[in-house]
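Worksheet: the structure to be examined is printed underneath.
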Amino acid sequence: MHVGSLTTEKLADWARARGGSAAGARELARAVAGRFAGRSVCAQASRRLLDAAERELSWSVPSTTPVEDPDGTVRHAVSLADGTLVEAVAIPHPQRSTVCLSTQAGCARGCLFCETGRLGLQRQLAAEEIVGQFAAVSRHLASLGRPAPTNVVFMGMGEPLDNLEAVLAAADVLSDNAGFAVAPKRITVSTVGVVPRMREFFRRGRYRLAVSLHAANDEERKALLPVARSWDLAALRGAIAESPDPVLVQWTLIAGVNDSDRHAGELLAFCAGLDVRVNLIPLNPGPEEKLRAPSMERVRAFQKLLRDAGLRALVRLPHGQEVGGACGQLAGALRGREKPLLPVIGKAPQR
């Protein structure tokens, strides 16, 4: 078993199975979780149980190759134990720090403007491999004297709801108070709209959901996101309505594709009566060279149409675009085949 897949509750179960008392097992669990998270731990745990944990549990953290964008964003190429390459991104903000995690190597969903989709699905990631990305990024930030991450978004490589068991297990470890202690309300899981899994997520999870919408017209959405051929907008809207918490709707703005006044009107109609807010994301450079982001003037005009109608809408400006770390740009092994990764933190190369 790997420490990164175990909450303190499961660690305590492990300790009790080895003869620990209830109190001793809880103390051991807190000590192990805290140590793996890099926290200072003053534990009274049994030396025998600590020795057993060090021998029997895996504590490994994957190696990463970090590349820093001029805006401070750091993209990490994460090498897993079997050589699989995934990517994670550390995104600084004035009042918080966010880590974007991958949940699959590649992705089966094939969204038109996403680099990860070009890989196809290579394999699912285990919970400890997802947590390991966070641990590696956290340790790198600490080595630079930067604050520990406060937020987690499952928006890296892969469709998180296609790997729901591992994603929920990883989120439970990351939110464990004795370990990384990320507040559940600061953990967001993204989906392209896998409707049955959305309902399961609402039943089982205590985390926030983000839905990649990008078009509020069935035919246009099918052209951008193949998942729309399985679940239409009516089904997606019905699932969002069942959420116990506000849902974040993500809309990647693409010039001449989904940035007109008509598209804004369709988005407003879709969101009417739902507890949602909208993130508008100008398209980042990706696999389709003909696709471009609208001008910032058009982005703001689109946002104003939504706000004037009473819909909460924010513009999410790109982070890490120059090093391929922005939304839709994570390429994993594909990037490794096309060009070498920069070996050290430093200024990104000029394009």
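The values are calculated or read from the model by the stated rules, or taken from the named source; none is laboratory data. Please read all numbers here as calculations on a predicted model, not as lab measurements. Glycine also receives a Cβ, built like all others from the backbone with ideal geometry; neighbour counts cover every protein chain displayed. Heads up: the accessible areas ignore ligands, DNA and RNA and are worked out on the full protein's heavy atoms, side chains in. Shrake-Rupley method; radii C 1.70, N 1.55, O 1.52, S 1.80 Å.
Summary table
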| item | result |
| --- | --- |
| Per-region count, the range 118-154, residues open to solvent by 10 Å² or more (accessible area, probe 1.4 Å), in a loop (DSSP other than H, G, I, E, B) and at pLDDT 95 or above | 3 |
| Residues satisfying the stated conditions in the range 51-80, i.e. outside any helix (DSSP H, G or I), among the aliphatic types (A, V, I, L, M) and either without any contact (Cβ under 8 Å) to a residue 24 or more places away in the chain or over 14 Å from Val131 (Cα atoms) (or both) | Leu57, Val67, Val74, Ala77 |
| The lone exception for Ala53 - which of (1) open to solvent by less than 70 Å² (accessible area, probe 1.4 Å); (2) in contact with a Pro (Cβ under 9 Å, 6 or more places away or on another chain); (3) not basic (Lys, Arg) it fails | (2) |
| Residues within the range 2-50 that are open to solvent by less than 90 Å² (accessible area, probe 1.4 Å), touching a residue at least 60 places away in the same chain (Cβ under 8 Å) and not β-branched (Val, Ile, Thr), tallied | 10 |
| Residue check, Gly286 open to solvent by 60 Å² or more (accessible area, probe 1.4 Å) and either aromatic (Phe, Trp, Tyr) or not in a helix (DSSP H, G or I) (or both) | no |
| Gly265 being modelled with pLDDT of 95 or more and not in a loop (DSSP other than H, G, I, E, B) | yes |
| Test: Gly34 is closer than 27 Å to Ser143 by Cα and part of a loop (DSSP other than H, G, I, E, B) | no |
| Scope the range 246-265; condition farther than 28 Å from Arg186 by Cβ and surrounded by 18 or more Cβ atoms within 10 Å (Cβ to Cβ); matching residues | Ile254, Val257, Asn258, Asp259, His263, Ala264 |
| Qualifying residue in the range 237-251 (condition: in a helix (DSSP H, G or I), touching a Lys or Arg at 6+ places or on another chain (Cβ under 9 Å) and at pLDDT 95 or above) | yes |
| In the range 81-92, residue most open to solvent (accessible area, probe 1.4 Å) [restricted to those that are closer than 26 Å to Ala33 by Cβ and assigned to a loop (DSSP other than H, G, I, E, B)] | Ala81 |
| Top-ranked residue of the range 51-80 - restricted to ones that are modelled with pLDDT of 95 or more, among the hydrophobic types (A, V, I, L, M, F, W, C) and out of contact with any strand residue (DSSP E or B) (no Cβ under 6 Å at 6 or more places or on another chain), ranked as farthest from Gly145 (Cα to Cα) | Leu57 |
